[in-house]
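Report on the following structure.
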Amino acid sequence: TKHVRVPIDGPEEAQVLSAIQTALATAEIRATRIGVTIPAQDVLLRSFTLPSLPRSEWETAVQFEARKYVPFRIDELIWGYHVTEQGSPQQLAVAFAGIRTETFEQFQRWFEQAGVKPAFIEAPWLSLARAVSPRRKASDESFTGVVEVEGDVAHVMIVKDHLPYLARDVNLGDASEGHDASASSVDQKAERLLSELRLSFDFFSRGNPSASINRLVLVGDEATIGPWSTWLATQLPCQVLIATPPCESASREPVDLRFALAMGV
C-alpha cells in the first residue's frame, strides 16, 4: 500500500544499512519481519531436466545434477529448487537457485542491524515472475518471456507458472555511443534488446524443443518500454505486452511498473 525508492550511495556496509533504514522509515514500516528480494548478480539460476524419479530421491538427484551447471562447490552455497513433473515425456523439470553462503549471511547481517528479520530472501527473477506470469492449465506448455528494463540493463527471463527457467542480465549500453540518431528511428537499446531476446529464445528452444514462447511482457519505465513494445511486436513471433500492475497504491493510483519486483514479493 506504500512504495518508496531509496538510492544506495555506495558499496560500503554503512551505506547499504543506511538505505535500508531510510526506506523503512520513509514508508513507515513497523513490521519486524519483511520479504526481501536481492540483486540478480548475486544469485545463480539454472534449469535442467531429470528422468522421472520417486520424490524421496529428488534432492539427491538435483544436488548431483546441479554440480554440472554451477561454477561453485554446492557446499559453498545456500540453495533451493522446484520440481515440475512432466507427463510427456516422463521427466522432471528443475529450476535451481543458489547464492554464496557468505553473500547470503551478509544480507542477513544488514537486515539484523536494521532491526528487521527477513521472512524470506529470494532471487529477483522469482519475484518478477510471480508479478507478471499467470498460472496456466497443466496442459498448457507455453512459456512467457519477461524483460525488466532498469537503466542500461535488461533482466531477461523465460518463465512458466511463476517460475523462471532462464534468466540473464543484458547490458544495453549507452544509446548515444556510435549511434546516428538520424539514421534510424529505432532506439539503439531496443535493437540490442531484440538481438539478445532472439539469442535467449533460440538457446531456450534448443534445450526445450517442445516448448513455445507465446508472449513477451515488458516492465520498467513506461516512457521507455512503451515505444519499444510497439516496435518489438513487429519483430518477434509472439505477442508483446506491457505488464499490468496487479495492485494499486493506497491512494488508488496505479503503481509505477518500476515497482514490479516489490509487487511480486
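The values are calculated or read from the model by the stated rules, or taken from the named source; none is laboratory data. This one's a predicted model, so the numbers in the text were calculated from it and none came from an experiment. Neighbour counts are summed over all protein chains in view; Cβ atoms, including those assigned to glycine, are modelled from backbone coordinates with ideal geometry. Just the protein is used for accessible areas: all its heavy atoms, side chains included, with ligands, DNA and RNA removed. Shrake-Rupley method; radii C 1.70, N 1.55, O 1.52, S 1.80 Å.
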For this session: Counting other Cβ atoms within 10 Å, keep those with at most 12, restrict to DSSP loop, and tell me which GluC sites (Glu not before Pro) in the stretch 25-60 are left.
Result: Glu28
Exercise. Please state the relative contact order of the chain as a whole percent: Cα pairs under 8 Å, 6+ residues apart?
Worked result: 19 percent
Exercise. With every protein chain present, what accessible area does Phe72 have (1.4 Å probe, heavy atoms only), rounded to the nearest 10 Å²?
Worked result: 70 Å²
Exercise. So for the chain: antiparallel DSSP bridges make up what percent, rounded to the nearest 5?
Worked result: 65 percent
For this session: Report the far tail of the P(r) of the stretch 65-112, meaning the percent of Cα-Cα pairs longer than 16 Å.
Result: 53 percent
Exercise. How much of the DSSP beta bridge set in the stretch 1-146 is antiparallel, as a percent to the nearest 5?
Worked result: 80 percent
For this session: Report the GluC sites (Glu not before Pro) located in the stretch 69-160 that are in a DSSP loop and have at most 15 other Cβ atoms inside 10 Å of their Cβ, or state none.
Result: Glu141
Seminar exercise, completed: Share of accessible surface on carbon and sulfur in the chain, whole %, 1.4 Å probe and ligands ignored, is 49 percent
Problem set entry | Percent of C-alpha pairs per 5 Å bin, the stretch 1-86, short to long | 2, 10, 17, 15, 11, 11, 11, 11, 9, 3
For this session: Take the chain, connect every pair of alpha-carbon atoms lying under 10 Å apart with a spring to form a Gaussian network, then pick out the residue of Ala25, Ala233, Ala129 with the largest mean-square fluctuation.
Result: Ala25
Problem set entry | Residues of type aspartates and glutamates that Lys68 reaches as a straight line, Cα spacing below 20 Å, ignoring anything fewer than 8 places off in the same chain | Asp42, Glu57, Glu59, Glu76
For this session: Would you mind telling me which residue in Val217, Val94, Val70 has the biggest mean-square fluctuation in a Gaussian network model of the chain, where springs connect alpha carbons within a distance under 10 angstrom?
Result: Val70
For this session: Name the residue, out of Ala19, Ala211, Ala119, whose mean-square fluctuation peaks in a Gaussian network model built on the chain with Cα pairs under 10 Å.
Result: Ala119
Seminar exercise, completed: Asserting the computed 222 nm helical MRE of the chain (DSSP H runs at least 4 long, -39500 (n - 2.57) per run, divided by residue count, to nearest 500) equals -10000 deg cm²/dmol
Problem set entry | Inter-label distance, nm, simple model (7 Å from Cα along the C-beta direction), Leu199/Phe72 | 2.4 nm
Seminar exercise, completed: With Rg from the Cα atoms and Rh as the Kirkwood inverse mean 1/r over Cα pairs, the stretch 24-155 has an Rg/Rh of 1.01
Seminar exercise, completed: In this structure, the FRET efficiency calculated for Asn171 and Ala61 from their beta-carbon separation, with R0 = 30 Å, to the nearest 0.05, is 0.30
